[in-house]
Amino acid sequence: MKVTQHIENANGKPLFSFEILPPLKGQNIQSIFDSIDPLMEFNPPFIDVTYHREEYEFKELPSGLLQKKIVKKRPGTVGICAGIQNKYSVDAIPHILCGGFTKEDTENLLIDLDFLGIDNLVALRGDALKNETYFKPEKEGNEYASDLVLQVSNLNNGIYLDEDLKNSAKTNFCIGVAGYPEKHMEAPSLDSDIHFLKEKIRNGAEYIITQMFFDNKKFFDFVDKCRTAGITVPIIPGLKPLATKKQLNLIPHRFSLEIPDDLIMAVVKAKDNDDVKQIGIEWCIQQSKELVAAGIPVLHYYSMGKAENIKAIAKEVF
């Protein structure tokens, strides 16, 4: 079922969803099931599975020269989605990226997803490689998320890359895209970011999931700006509870967002990371309750494969 249908069928009741990471190469899918099992009591209608593109590493040879090696540390997104749908009978939503894919690669991936009965996906540009300052698209690949959305939309209309195909089957993907309440780190302003977000909607995206935020006012202001710009699709807030002191510096740097001073000071005064984890849970509970009271249709949690804190939050909210 499509995400938009899940929202319609809920009749105003808030839905619980979450995102997981594929395990590191060498681990098995049971580690994923172990992180999902504790959260199933909250009846998630869908679970997102992230995609991680290739990375470059340099291995020193006996000669002393460095050999460039391509590695993919977290493979398995498509297989995990199939496993989730088979085991739990809920919709699994894979992330798909521009980075690391040609348009032909993307089309073949979409065909696989369609054959597996996957109805939803989240279309993202993806990050630059670690050795790149700015994102560089694959040769013959999509440069922007809006281009990727358009390719999926074309396939939904039976338009394949091979123009000679006749009577081609149409896919029926519900396309989600990312939104940034505090703007994407590369955007010159929030208004310009929303301008390009609207282009993704025009190209066929049907819902938005936001980057994490810790101040609900930033989310509400973002929604207001989107509605003023003419964006009418559901906007799902993405939430993440703080868990360690290190995240005070890591998260703002990595995701270009602000953490409220009250939360910062509470974490700074915390005795250890166990205390920080409890602070993060309590803060996220209050965020969640305020969002539910405002009539937000779905709350989406970034679990990072850790179920304990998300379960503690969900018990108080759902």
Hey, can you tell me all the residues within the range 225-266 that are over 17 Å from the mean Cα position of the chain (by Cα), closer than 26 Å to A178 by Cβ and assigned to a helix (DSSP H, G or I)?
K225, C226, R227, T228, Q247, L248, N249, L250, P252, H253, L263, I264
More than 30 Å from S168 (Cβ to Cβ), of a type in the set (A, V, I, L, M, F, W, C) and touching a strand residue (DSSP E or B) at 6+ places or on another chain (Cβ under 7 Å): which single residue out of V71, V90, V78, V122 fits that description?
V71
Looking at (1) out of contact with any Ser or Thr (no Cβ under 6 Å at 6 or more places or on another chain); (2) open to solvent by less than 10 Å² (accessible area, probe 1.4 Å); (3) part of a strand (DSSP E or B), find the lone condition where L39 falls short.
(3)
Can you name every residue in the range 162-183 that is open to solvent by less than 40 Å² (accessible area, probe 1.4 Å) and at pLDDT below 95?
S168
Starting from the range 26-54, take each residue that is within 16 Å of Q85 (Cβ to Cβ) and without any contact (Cβ under 8 Å) to a residue 60 or more places away in the chain and list its partners that are assigned to a helix (DSSP H, G or I) and of a type outside the set (V, I, T), counting only C-beta distances under 7 angstrom and pairs at least six apart or across chains.
I29/G83; F33/K87; M40/Y88; P45/H6; V49/C81
With the first residue restricted to the range 255-281 and required to be of a type in the set (K, R), and the second required to be in a loop (DSSP other than H, G, I, E, B) and open to solvent by 40 Å² or more (accessible area, probe 1.4 Å), Cβ contacts under 8 Å at 6 or more apart or on different chains are K277/T244
If you scan the range 7-23, which residues turn out to be surrounded by 13 or more Cβ atoms within 10 Å (Cβ to Cβ) and not in a helix (DSSP H, G or I)?
P14, L15, F16, S17, F18, E19, I20, L21, P22, P23
Just to be sure I understand the filter: pairs with C-beta atoms under 7 Å, separated by 6 or more residues or on different chains, first member in the range 184-207 and assigned to a strand (DSSP E or B), second member at pLDDT 95 or above and of a type in the set (S, T, Y). Which pairs pass?
Y207/T4
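The values are calculated or read from the model by the stated rules, or taken from the named source; none is laboratory data. Remember, predicted model here, so these are calculated numbers, not experimental data. Here the Cβ is made from the backbone with ideal geometry for all residues, glycine too, and neighbour counts use every protein chain on show. Calculation scope for accessible area: heavy atoms of the full protein, side chains included, ligands and nucleic acids excluded. Shrake-Rupley method; radii C 1.70, N 1.55, O 1.52, S 1.80 Å.
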